[in-house]
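Enquirer: Structure incoming, see below.
What follows is calculated from the coordinates using simple rules that are stated; it is not laboratory data. Since the model is a prediction, treat every value here as computed from it, not as a measurement. Note that each Cβ is placed from the backbone with ideal geometry, even for glycine, and that neighbours are counted across all protein chains shown.
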Amino acid sequence: MSVARLVLAVLLLSGPLQAEPVRGVFDLDGRMADPLTLTAGVRAHVLVFTTTDCPISNRYAPEIQRLAAAYRERGVAFWLVYPVPGDTPEKIRAHAAQFGFQLPIARDTRAELVKHTAVSVTPEVAVITAGGEVAYRGRVDDRYVDFGRDRPAPTTRDLDQALTNLLAGRPIEPKTTRAVGCILSDLLK
């Protein structure tokens, strides 16, 4: 047996690969957080990228909470991810309390999760599966047509559909959608 085949056999027998812990991602108490690694009984994580002062992100708070509650029992855990360095733990705690969030929170102080998922705005979501794979990235729904232009109600609920398909074992199509919101490159400076 060649070395390459032996290595492949060992990898296949050892089970799914686990994502490397992401450095620079912490909870609000300064402990390392790892939203890319799924724990027992969890089928996926939804990373919701937000900031304390993005009005579009704030308008999505009720929908994020609705989806988190709807999918919790089905093995999907939602995380709020704050990638802007100026969002201090105190600001984040106040923001989470103001909007009633009861979700795990990660501070992405070095934009490691931003890079891993390729998000570019807030709010934008990434559905993470085993091994840290990004199964879906994009908008929550199509409520916002463009910056400053929104609909009274969404016509497509992209995140809801992606999670439904993932849990049913169906392909997620599309895998990415264009989110509208506060541009992260402007905020990460």
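Enquirer: Which one of 84, 119, 62 has its Cα pushed farthest toward the positive end of the charge dipole of the chain, where Lys and Arg give +1 and Asp and Glu give -1 at the Cβ?
Expert: 119
Enquirer: Compute the distance from the alpha-carbon center of region 32-75 to that of region 110-189, in whole Å.
Expert: For region 32-75 versus region 110-189, the Cα centre distance is 11 Å.
Enquirer: Treat the count of other C-beta atoms within 10 Å as a stand-in for reagent exposure and order 48, 180 from fewest to most.
Expert: Ranking 48, 180 by Cβ neighbours within 10 Å, fewest first, gives 180, 48.
Enquirer: Where both partners of a DSSP beta bridge lie in the chain, what percent of those bridges are antiparallel, to the nearest 5?
Expert: Counting only bridges with both partners in the chain, antiparallel ones make up about 65 percent.
Enquirer: Nearest 10 degrees, 0 to 90: what angle lies between the long axis of helix 61-72 and the longest principal axis of the chain (Cα atoms)?
Expert: Computed tilt is about 30 degrees.
Enquirer: With n ≥ 4 as the cut-off for DSSP H runs, can you work out [θ] at 222 nm for the chain, using -39500 (n - 2.57) per run divided by the number of residues, rounded to the nearest 500?
Expert: -9000 deg cm²/dmol
Enquirer: Still on this structure: Provide 57, 120 in ascending order of the number of other Cβ atoms located within 10 Å of each residue's Cβ, fewest first.
Expert: With the sparsest Cβ surroundings first, the list reads 120, 57.
Enquirer: Sort 25, 46 by Cβ crowding within 10 Å, fewest neighbours at the top.
Expert: Values: 25 23, 46 26.
Starting with the residue having the fewest Cβ neighbours, the order is 25, 46.
Enquirer: Here are several values of Cα Rg over 2.2 N^0.38 Å: (i) 1.60; (ii) 1.14; (iii) 1.07. Which one was derived from the coordinates shown?
Expert: The value computed from this structure is option (iii).
Enquirer: Moving on. Report, to the nearest 10°, how far helix 89-99 tilts away from the longest principal axis of the Cα atoms in the chain, using its own Cα long axis and a range of 0 to 90°.
Expert: It works out to around 70 degrees.
Enquirer: Rounded, prolate or oblate for region 33-78? Axes are the square roots of the Cα gyration tensor eigenvalues, ordered a ≥ b ≥ c, and the cut-off for rounded is a/c under 1.5.
Expert: Oblate shape, in that a/c is at least 1.5 and b/c is the bigger or equal ratio.
Enquirer: I would also like to ask the following. Exactly which trypsin sites (Lys or Arg not before Pro) in region 22-51 are in a DSSP loop and have at most 10 other Cβ atoms within 10 Å?
Expert: Here the trypsin sites (Lys or Arg not before Pro) that fit, given the DSSP loop and packing criteria, are 23, 31.
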